[in-house]
Structures are given as structure tokens and as C-alpha cells.
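Down below is the structure, laid out as C-alpha cells.
Only the coordinates and a few stated rules stand behind these numbers; no lab work does. Model, not experiment: these values are computed from the prediction. With ideal geometry, Cβ positions are generated from the backbone for all residues, glycine too; neighbour counts draw on all protein chains shown.
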Amino acid sequence: NQGGTKAGFDIRFKLFLVIMAVFTLGNSSDFFVILRAQDLEAPLVQVTLMLVLFNIAYAAVSWPAGRLSDRMGRKRVITIGWAIYALVYLGFAVSNSLWQIWLLFAAYGIYYGIVEGVARAFVADLVPVEKRGTAYGFYHGVVGMMLLPASLVAGWLWEAINPAAPFYFGAGLAFLAMLGLIIMVRE
């Protein structure tokens with residue numbers, strides 16, 4: 001009997017899935033950050049190098065972020081990562097020069113390195129060992145189901161309003177998810 005449920009999952013895991021769905025709805029395809037760079041007239045070679053920088057930052061931060069989550073808790077580290085994401089997306093919304101886009105790609109890699117592994121570790125923390133496979137299936141199913149509408153909404157906002165709109169939307173949902181995680185999910 002985990003958290004008051006007999007056959008299902010603990011309420012903390014269910015809440016985390018709902019919060020993850022909210023976050024993911026604002027986490028559109030990475031293609032939009034590439035489009036934003038091109039919107040500011042970045043040459044293709046620079047966009048490619050920005051993606052290299054993103055991956056270097058992602059790789060450099062992943063291990064320290066995992067270690068930090070072992071020390072201070074997964075929830076805190078995810079919250080830090082989502083705060084960085086919100087700031088990065090606000091940056092993509094307001095940036096008007098390529099040097100800013102370069103910094104944002106690096107910071108976006110830092111967000112990725114912080115959250116990707118730690119969120120999965122948090123899933124493991126929230127469910128009993130014998131249910132982890134099913135829990136990961138639910139987690140990835142929720143994320144996968146939300147990615148399509150996330151990109152559709154971002155594309156619509158880009159076209160209907162302006163190129164900054166999907167980034168404001170993503171930053172806002174990241175902030176809401178961050179608050180939801182802090183307030184609603186016990187570690």
C-alpha cells in the first residue's frame with residue numbers, strides 16, 4: 001500500500017505526471033529555437049555550431065546535476081532546471097542579436113543537462129521498485145502525448161501572433177509547472 005493506493009500509484013507520482021504534462025505543453029520542438037536563430041539571420045553554419053554548444057553544455061552539466069540531486073533532492077534540482085528553462089525561453093522571446101542566441105543555446109543545454117536525467121530519477125523515487133517499468137512507460141507516454149500539441153500550439157502562436165509568442169507561452173507554463181512541483185509534490 002503505497003501512499004494510500006492499493007493497485008495504482010502514489011498520488012505524488014500522479015501529480016508529477018500532471019505537472020510534467022503542463023511543462024511539456026510549453027516545451028515545443030527544439031526546431032523552434034533553431035527557427036528563432038534563423039529569424040535573427042544566423043547563418044546555417046552558426047546554427048550548427050549553436051547546436052554543438054548546446055550538446056557540450058548538456059553533456060557537461062548532466063553528471064554534476066545528477067550528483068547534486070542525490071545531495072539536495074530531485075525536486076529542488078528539477079525546479080532549478082525549470083527556472084533556467086523559463087529564463088531561457090524568456091530570453092528567446094526578447095533577444096534581438098546573435099550573441100544573445102549563442103548564450104541562450106548554452107543555457108538551454110544547461111537546462112537539458114539538469115532536468116533530463118533527474119526527472120527520470122525522480123520517477124524512480126516516487127514509485128515502488130516493482131512498478132518502475134510501468135511508471136517510466138506512463139512518464140514517457142505523457143511526455144510523448146504532450147509534445148505534439150506543444151509544437152502545434154507553438155507553431156500557431158508563431159504564425160498568429162509573432163515569433164516571440166511561443167517562447168512566452170513556454171516560459172509561462174514552465175513557471176506554472178515549477179510552482180506546481182514546489183507546492184503539490186512531496187519528495
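Applying the set (1) among the hydrophobic types (A, V, I, L, M, F, W, C); (2) in contact (Cβ under 8 Å) with a residue 60 or more places away in the chain; (3) within 21 Å of Gly155 (Cβ to Cβ) to Leu15 leaves exactly one unmet item: (3).
Collect the residues in the range 82-108 that are over 17 Å from Val22 (Cα atoms), aromatic (Phe, Trp, Tyr) and in contact (Cβ under 8 Å) with a residue 24 or more places away in the chain, keeping them in residue-number order. Phe92, Trp102, Phe105, Tyr108 - these are the residues of the range 82-108 that are over 17 Å from Val22 (Cα atoms), aromatic (Phe, Trp, Tyr) and in contact (Cβ under 8 Å) with a residue 24 or more places away in the chain.
Taking the criterion of being among the β-branched types (Val, Ile, Thr) and under 16 Å from Arg67 (Cβ atoms), the residues of the range 93-124 that qualify are Ile110, Ile114, Val115, Val118.
Conditions (1) under 30 Å from Arg186 (Cα atoms); (2) without any contact (Cβ under 8 Å) to a residue 60 or more places away in the chain; (3) in contact with a strand residue (DSSP E or B) (Cβ under 8 Å, 6 or more places away or on another chain), marked per residue:
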residue	(1), (2), (3)
Phe31	no, no, no
Leu40	no, no, no
Val52	no, yes, no
Leu68	yes, yes, no
Thr79	yes, no, no
Ile110	yes, yes, no
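Scanning the range 5-45 for residues that are surrounded by fewer than 17 Cβ atoms within 10 Å (Cβ to Cβ) and among the polar types (S, T, N, Q) yields Thr5, Ser29, Gln38. Residue count for the range 17-68, restricted to those that are in a loop (DSSP other than H, G, I, E, B) and either on the phi > 0 side of the Ramachandran plot or over 18 Å from the mean Cα position of the chain (by Cα) (or both): 4. Filtering Ile101, Ile56 for residues that are closer than 23 Å to Leu173 by Cα and not aromatic (Phe, Trp, Tyr) leaves a single hit, Ile101.
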